Amino acid sequence: MLDAAAALADERHVDDIAVHEIPDQLGLAKGTMYRYFGSKEEIFLSVLERDLRAFGSAVVDRLRELEGSDDLEAAASAVVDPILARPRMCNLLALMPNGLMRNVDERVAQEFWEMRSQVNAAISDHLGAALPCLGDIPASPLIGHLQALVIGTWATAADDRDGIALVGLGESLKSAFVAMVRGSCRDGAQGPSNENAV
């Protein structure tokens, strides 16, 4: 059922997807979905959870290869490229504050926030290992700020039929990430040791 919902979210805006379309794709009765999910928002929140877990694993795998490098440019790519490779995740993140959290059971919402915190914590731990310049400064706010930039950009682009708001997004996000890391390093650590780091 999550695969069917994800396929629909790849094609259309969630608001344009009728709840019956998800079980219809599987040849199931509409009521079948409600045996597993309390609402349409809950099923797409579950799709987002699955996407975020995959995103976190992809970032961690790339950051492991950079451990101890202090290579800001490579670290930026390791975090940003998996974001750009997941437009559905970005669309759902942009819907989350005012859309996906409606009609969701409080327990489900809490479990989602806990999962997101765990994903961000894993990324932050490996980011700190990749960038010793951060010293004891936690990397988690950097990940949170970057996700906020993504959410804002995607929300702005929702009504942008030509995709102008997304042009150059990757480079913009990488530049913002590098600037945030440099600021953190400057405040409490020795700064990047890699001469090629941006």
Long-range neighbours under 7 Å by Cβ, at least six apart or interchain, first residue within 15 Å of Ala78 (Cβ to Cβ) within segment 108-132, second open to solvent by 50 Å² or more (accessible area, probe 1.4 Å): Val119/Arg53; Asn120/Ser140; Ser124/Pro138; Ser124/Ser140; His126/Arg64; Ala129/Glu67; Ala130/Glu67
Segment 77-111, subset among the small types (Gly, Ala, Ser) and under 11 Å from the mean Cα position of the chain (by Cα), residue modelled with the highest pLDDT: Ala85
Failed item in (1) open to solvent by 30 Å² or more (accessible area, probe 1.4 Å); (2) part of a helix (DSSP H, G or I), with Ile137 passing the rest: (2)
Lone unmet requirement of (1) open to solvent by less than 50 Å² (accessible area, probe 1.4 Å); (2) without any contact (Cβ under 8 Å) to a residue 40 or more places away in the chain for Asp3: (1)
Those residues of segment 6-54 which are touching a Phe, Trp or Tyr at 6+ places or on another chain (Cβ under 7 Å) and either hydrophobic (A, V, I, L, M, F, W, C) or surrounded by fewer than 15 Cβ atoms within 10 Å (Cβ to Cβ) (or both), in sequence order: Ala9, Val14, Ile43, Leu45
Residue match in segment 52-70 (condition: of a type in the set (Gly, Ala, Ser), without any contact (Cβ under 8 Å) to a residue 12 or more places away in the chain and either farther than 23 Å from Met180 by Cα or part of a helix (DSSP H, G or I) (or both)): yes
Criterion (part of a helix (DSSP H, G or I), at pLDDT 90 or above and of a type in the set (Gly, Ala, Ser)) met by exactly one of Ala18, Ala7: Ala7
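The values are calculated or read from the model by the stated rules, or taken from the named source; none is laboratory data. Since the model is a prediction, treat every value here as computed from it, not as a measurement. Heads up, the Cβs are rebuilt from the backbone with ideal geometry, glycines too, and the neighbour counts pull from every protein chain shown. Areas reflect the complete protein model, heavy atoms only, side chains present, ligands, DNA and RNA absent. Shrake-Rupley method; radii C 1.70, N 1.55, O 1.52, S 1.80 Å.
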